[in-house]
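Only one structure is covered here, and it is reproduced in the block below.
What follows draws every value from the coordinates through simple rules; no lab data is involved. Values in this document were obtained by computation on a predicted structure and should not be read as measured data. Here the Cβ positions follow ideal geometry from the backbone for every residue, glycine too, while neighbour counts run over all protein chains shown.
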Amino acid sequence: MRIEYFQLIDRIVDLDLAQQTIRTEARVPSASTIFEGHFPGYPLMPGVLLIEAMAQTSGWLVIAVTKFSRMPFFAALKDAKLRSFVHPGQNLSLSAKLLHEGSGYAVTKAEIRCDDKLACNAEITFRLVEFPNAQFRANMEKMAAILEFPMGNLAHG
Amino acid sequence: MPSTFETVANIISETCDIPRETIKPESHAINDLGIDSLDFLDIAFAIDKAFGIKMPLEQWTQEVNDGKATTEQYFQLNNLCTRIDELVAAKGA
């Protein structure tokens, strides 16, 4: 996890296009300037970043389901629950399921588990639009490679 | 079984907290009811689920932007319900 760069997941562990599910993993860094303020003497992974991590996990699922034809942008959040504290150095197991792929939008249900315990969950809505430009798409493809996005799955999905 | 309009009106009322009695067949979702595009995503999700369809919102928006259709054709509720009925019929065909 490169928290300051908003790269909140480390690796795509599993992508199942038939079930429309994804699993990713991430390790919260042991140190970050963010923890100096959140909170002094009691560092915690900010809940907004946990939500963003769920959105990024969901986003890669949506990109896979739409076969890299649309970019999902975070649009709405429902029933978000931050159930337990997440501390620096902890490993996160993230997952998402596509609830619906509409025309120009998609809805997912996502969660994060930490030490097998549910840390947070939410329903997330995305707007789906064409990639804004070629550079944007190229950057997403580069990030997909870093995350070990299984491009081969798209051809068979 | 509720009519398409009843179902859609109830969805709009619950999703956008609009009094049900103010929602009429001739109401325009945007101009009369003040529904914005983000709220309409919630409505679209509920309609898609309720009727088991996928409303072609991208196509409709493109047609409006290209001047090939008016917003009334898709977002006035009686017209929207006609589109929904057509999609449901096409699904069953």
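Summary table
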{"quantity": "Region B:1-85: trypsin sites (Lys or Arg not before Pro) falling in loop per DSSP and having at most 16 other Cβ within 10 Å", "calculated": "B:Lys54, B:Lys68"}
{"quantity": "Helix axis angle, A:134-146 relative to chain A longest principal axis, alpha carbon, degrees", "calculated": "60"}
{"quantity": "Long-range tail of P(r) for region A:1-126 (Cα pairs > 21 Å, %)", "calculated": "36"}
{"quantity": "³J(HN,Hα) computed for each position of region A:97-102 - Karplus, 6.51 cos²θ - 1.76 cosθ + 1.60, integer Hz, glycine/proline x", "calculated": "10, 6, 8, 6, 10, x"}
{"quantity": "Overall Cα dimensions of the protein assembly as shown - principal axes, largest extent first, Å", "calculated": "59, 41, 32"}
{"quantity": "Relative contact order of chain B, defined on C-alpha pairs under 8 angstrom at six or more residues apart (%)", "calculated": "34"}
{"quantity": "FRET efficiency, 1/(1 + (r/R0)^6) with R0 30 Å, evaluated for A:Val129 and A:Leu44 via beta carbons", "calculated": "0.35"}
{"quantity": "Karplus-derived 3J(HN,Hα), 6.51/-1.76/1.60, for each residue of region B:38-47, Hz, glycine and proline x", "calculated": "5, 4, 5, 5, 4, 5, 4, 4, 5, 5"}
{"quantity": "B:Ala50-B:Gln73 pseudo-label distance in nm [points 7 Å out on the Cα-to-Cβ vector]", "calculated": "2.4"}
{"quantity": "Gained length - A:Asn139 relative to A:Phe74, 0.36 nm times residue gap less alpha-carbon distance", "calculated": "21.6 nm"}
{"quantity": "Hz values of 3J(HN,Hα) by residue in region A:77-92 - Karplus curve (6.51, -1.76, 1.60), Gly and Pro given as x", "calculated": "10, 10, 6, 6, 10, 9, 8, 8, 5, 10, 10, x, x, 7, 8, 10"}
{"quantity": "Residue among A:Phe85, A:Phe74, A:Phe39 with the largest mean-square fluctuation in a Gaussian network model of chain A, springs linking Cα atoms under 10 Å", "calculated": "A:Phe39"}
{"quantity": "Lysine pair count for region A:38-157 [Cα-Cα under 27 Å; pairs on different chains or 8 or more apart]", "calculated": "15"}
{"quantity": "Candidate aspartates and glutamates for bridging to B:Lys91, where Cα separation is under 20 Å - those fewer than 8 sequence places away on the same chain excluded", "calculated": "A:Glu101, B:Asp48, B:Glu58"}
{"quantity": "Structure-based [θ]222 nm, chain B - -39500 (n - 2.57) summed over DSSP H runs of at least 4, per residue, nearest 500", "calculated": "-19000 deg cm²/dmol"}
{"quantity": "Hypothetical label at B:Ala93: residues of region B:43-86 whose amide nitrogen lies under 13 Å (7 Å Cα-Cβ projection)", "calculated": "B:85-86"}
{"quantity": "A:Asn91/B:Glu26 FRET efficiency (R0 41 Å; Cβ-Cβ; nearest 0.05)", "calculated": "0.15"}
{"quantity": "Folded to 0 to 90 degrees: helix A:47-65 orientation relative to chain A principal axis, Cα", "calculated": "20"}
{"quantity": "For A:Met71, distant residues with modelled amide H under 5 Å away", "calculated": "A:Val129, A:Glu130, A:Phe131"}
{"quantity": "Mean shadow area of chain B over all directions, Cα convex hull, nm²", "calculated": "5.9"}
